Amino acid sequence: MFTELVVFDMAGTTVRDKNYVGIAFQQAMKSRGYDITPEDVNPLMGYQKPLAIKMILEMREEDKSKITDALISEIHAEFVQHMLHFYSTTQDIAPLPGVEETFGALRKKGIKIALNTGFSRDIADVIVDRLGWKDKIDMLVASDEVPNGRPYPDMIRKIMHALKIDSPEKVAKVGDTEVDVNEGINAGCKYVIGITTGAFTREELLPYGPTHIIDNIADIIGIISESNAYAAQKSL
């Protein structure tokens, strides 16, 4: 089957992240008396953020009765405010190298481009607006717009339904974390591509079973072009 859709993660995959997300987590957790380092957040990158907060609390809080929905909501609200302020005001927001060129090359081939993210929609919208990506992508879905965030396949399925993609065999998922890979596998995507530009190294991604691991986002074009050429040859 021809690849018709590529679903990209945001921070660390398409958007530069110099540990901005980890720092925002650190500040939000500290506001409620929990000391963590930005590096503590790396294994949880890509998850729906309230779930990531709950996972951190379960590791840090001995009294589990204190881990309430209210506490998680308070920390998440603080995190969102830090992220909204950062992405609204920073001059350091930028696409990772080769991203916009890759979007353009894929769209020239008739392939749809979607973004999905563990961020909430308000944060994702600010990023897309600041980068001027509204006309460069076909769809954006955030983790608070579906019943279940990663590693569940809900975001990918929502995108497929909206863009009328009838089979996950026509979809590639690209991301920089364990949970991106698991999301793609759970959705049944033909290609589940790990990329080393974000939170995880090649060695850290490999055990989760992506179909490919790349260091440069432009390598996606070759993977998909080769597949589509083979599909075209088979159809003759």
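Values in this text are rule-based calculations from the coordinates and carry no lab data. Values in this document were obtained by computation on a predicted structure and should not be read as measured data. All Cβ positions, glycine included, derive from the backbone under ideal geometry; neighbour counts span all protein chains shown.
Whether any residue in segment 68-91 is touching a helix residue (DSSP H, G or I) at 6+ places or on another chain (Cβ under 9 Å), hydrophobic (A, V, I, L, M, F, W, C) and part of a loop (DSSP other than H, G, I, E, B) is what I want to check. Checked against the condition, which is being touching a helix residue (DSSP H, G or I) at 6+ places or on another chain (Cβ under 9 Å), hydrophobic (A, V, I, L, M, F, W, C) and part of a loop (DSSP other than H, G, I, E, B), segment 68-91 yields no hits at all.
Under the condition of being farther than 19 Å from R107 by Cα, in contact with a Lys or Arg (Cβ under 9 Å, 6 or more places away or on another chain) and crowded, with 17+ Cβ neighbours inside 10 Å, the residues counted in segment 125-152 number 5.
Scanning segment 101-120 for residues that are in a helix (DSSP H, G or I) and either crowded, with 16+ Cβ neighbours inside 10 Å or of a type in the set (K, R) (or both) yields a total of 6. Within segment 164-209, the residues that satisfy the criterion of being surrounded by 24 or more Cβ atoms within 10 Å (Cβ to Cβ) and assigned to a strand (DSSP E or B) are V171, A172, K173, V174, G175, V192, I193, G194, I195.
Residues considered: V6, V15. Of these, the only one that is closer than 14 Å to A199 by Cβ, buried (at least 19 other Cβ atoms within 10 Å of the Cβ) and not hydroxyl-bearing (S, T, Y) is V15.
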